[in-house]
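Right, one structure below, let's go through it.
Each reported figure results from applying straightforward, stated rules to the coordinates on display, with no laboratory input. These numbers were taken from a predicted model, which means no experiment stands behind them. Heads up, the Cβs are rebuilt from the backbone with ideal geometry, glycines too, and the neighbour counts pull from every protein chain shown.
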Amino acid sequence: MKLIPVLDLMGGQVVHASGGHRAAYRPLETSLCEGSDPLAVCLALLGLHSFSTIYLADLDQIEGRGGNEDVISALEAAFPDVEFWVDGGLSEKEGASPWLARHSGGLVVGSESQKDVAFLQGLMEGDETRLVLSLDFRQGDFLGPEDLLDMPALWPCRVIVMSLGRIGGDSGPDYDLLAGIAAKAAKRSELRPVDVIAAGGVRGVDDLIRLKRQGVAGILLASALYDGRIGGADIRALIGE
């Protein structure tokens, strides 16, 4: 099981995400490092554990008010051994092709940013190995084209189940939702295996253990890492290193 830290980027800083209400996000405060500079936060995370993948949410670009392209490029240059998965709210092929040419990591296609399935469909006609689909939910309601949920054959090999309303909260992951998406993904696995990745609501080690037993391939982590509820020793014990 892969553990994937999250850096939510806004205004050139890492912010503390909670509940999916982005207008209320404030600069991150963590005992892992001083300040909220993305390079410092990333270095602190890698000091905690040698994560191979880190998820970057460019909240400014998702919200349509510029972006953090320079920050993302600086992170890629500073940490070449890390694969960065980036969600910038892209929804048109004209933006995806230049992005894939500039960057080496994974392009996250967030369902909340899509008008229909045409964008993902076009990308899937190429090399899907750099694609990550995020199926976005809020309070159990799907955000995005409804038919996307019923087209697992269109999903790439990595699918995030993103419970936005549970981010930074104490309600725990949406285990039933994850099980439902995993059942749909099993249909896609007849063609090629799908890694289902949980996002939103992890409170601590007990949730990690339960998610591992449920068979998820990966977990996005933010608050529980930054406030110390999950530490380096916990990670090593869980993944057997």
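Couplings for the stretch 37-45, taken from phi via the Karplus curve 6.51 cos²θ - 1.76 cosθ + 1.60 with θ = phi - 60°, read 5, x, 5, 5, 5, 4, 4, 5, 4 Hz in order; Gly and Pro are left as x. Modelled spin labels at E29 and A179, positioned 7 Å past Cα toward Cβ, are 3.9 nm from each other. Beta bridges assigned by DSSP with both partners in the stretch 2-239 are antiparallel in approximately 20 percent of cases. Per the Kirkwood definition applied to all pairs of different Cα atoms, how many angstroms is the hydrodynamic radius of the stretch 110-223? Final number for the Kirkwood radius of the stretch 110-223 is 14.3 Å. In terms of the mean number of neighbouring beta-carbon atoms within 10 Å, the peptides 195-201, 181-187 order highest first as 195-201, 181-187. At full extension, E69 and E92 could sit 6.6 nm farther apart than now, given 0.36 nm per residue minus the alpha carbon distance. Amide hydrogen proximity for E83: with H placed 1.01 Å from N in the peptide plane, the residues at 5 or more positions away or on another chain lying under 5 Å are T53, I54. Extension gain for E128 to A186 (0.36 nm times residue separation, less C-alpha to C-alpha distance): 19.1 nm. Modelled label positions at D141 and L154, each set 7 Å beyond Cα in the direction of Cβ, lie 2.1 nm from each other. If one computes the Cα centroid of the stretch 173-187 and of the stretch 65-80, what distance in Å separates the two points? Spelled out, the Cα-based centre of one part sits 32 Å from the other. Full extension of the chain segment joining S52 with D116 gains 19.9 nm, where the gain is 0.36 nm per residue of separation less the Cα-Cα distance.
A cut-off under 12 angstrom between Cβ atoms defines the neighbours of E76, and their net charge, with Lys, Arg +1 and Asp, Glu -1, is -3. Distance between the 7 Å Cα→Cβ label points at M1 and A237: 1.4 nm. For a test of the definition: using alpha carbon positions, the gyration tensor, and the 1.5 limit on a/c, classify the stretch 1-113 as rounded, prolate or oblate. Judged from the Cα gyration tensor, the stretch 1-113 comes out oblate (a/c at least 1.5, b/c at or above a/b). For the residue pairs K115/K212; K2/K184; K184/K212; K93/K212, the C-alpha atoms sit more than 23 angstrom apart in K115/K212; K93/K212. Within the stretch 2-239, the percentage of alpha carbon pairs spaced more than 22 angstrom apart rounds to 50%.
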